[in-house]
Amino acid sequence: MESAFSQVTERLNNRRFAVANNAQGLSDARTVFHYFVEGAAVWGTYAGGHIRQGNQVGRVTGPDSIELLYQCITTDGEIRAGWSRGVVGVDEA
């Protein structure tokens, strides 16, 4: 039986992603995100580009949606934190 969150699990769990477009943030094409999903829990790490090391923790909020808290230290030594919400989709290649 599939859970309500199986689509997010299938698309994110133990997968790595690079940023395609983030004009408003510090992450860029050199930043790699590594996600894990267990039930409704989502967590992961990210690093690269302007990000020395970052962590995320959050939850699945729907069949294809998540919300995350994030924190990082930049290559300039700044500490940043925030909250984000997103849709987990598949880009057609």
(request) Please specify each residue of the stretch 20-45 satisfying the condition of being in contact (Cβ under 8 Å) with a residue 24 or more places away in the chain and touching a Ser or Thr at 6+ places or on another chain (Cβ under 6 Å). (result) Val37
(request) Could you grab me the full set of residues in the stretch 28-60 that are among the β-branched types (Val, Ile, Thr), within 11 Å of the chain's Cα centre (by Cα) and either modelled with pLDDT under 90 or under 17 Å from Trp83 (Cα atoms) (or both)? (result) Val42, Thr45, Val57
(request) Could you tell me which residue of the stretch 22-46 is farthest from Ala4 (Cα to Cα), considering only residues that are part of a strand (DSSP E or B) and either touching a helix residue (DSSP H, G or I) at 6+ places or on another chain (Cβ under 6 Å) or aliphatic (A, V, I, L, M) (or both)? (result) Val32
(message) What's the total number of residues in the stretch 6-27 that are surrounded by 16 or more Cβ atoms within 10 Å (Cβ to Cβ) and within 17 Å of Gly82 (Cα to Cα)?
(response) 2
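So, in the stretch 29-83, of the ones that are hydrophobic (A, V, I, L, M, F, W, C) and closer than 13 Å to Ala18 by Cα, which residue ends up surrounded by the fewest Cβ atoms within 10 Å (Cβ to Cβ)?
Taking the stretch 29-83 as the starting set, the residues that turn out to be hydrophobic (A, V, I, L, M, F, W, C) are 29, 32-33, 36-37, 40-43, 47, 51, 57, 60, 66, 68-69, 72-73, 79, 81, 83.
With the extra rule that they be closer than 13 Å to Ala18 by Cα, the set shrinks to 29, 32-33, 47, 51.
Details: Ala29: 12, Val32: 16, Phe33: 20, Ala47: 18, Ile51: 23.
Going through the qualifying residues, I end up with Ala29.
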(request) Report yes if some residue within the stretch 75-89 is in contact with an Asp or Glu (Cβ under 7 Å, 6 or more places away or on another chain), part of a loop (DSSP other than H, G, I, E, B) and closer than 18 Å to Phe5 by Cβ; otherwise report no. (result) yes
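Among the residues of the stretch 42-85, which ones are polar (S, T, N, Q) and closer than 19 Å to Asn13 by Cβ? So that I can check it myself, show each step before the final result.
Kept after step one, since they are polar (S, T, N, Q), are these residues of the stretch 42-85: 45, 53, 55-56, 61, 65, 71, 74-75, 84.
Hits for the stretch 42-85 are Thr45, Asn55, Gln56, Thr61, Ser65, Ser84.
The values are calculated or read from the model by the stated rules, or taken from the named source; none is laboratory data. All values derive from a computational prediction rather than experimental measurement. Methodologically, a virtual Cβ is constructed for each residue, glycine included, from the backbone with ideal geometry; neighbour enumeration extends over all protein chains shown.
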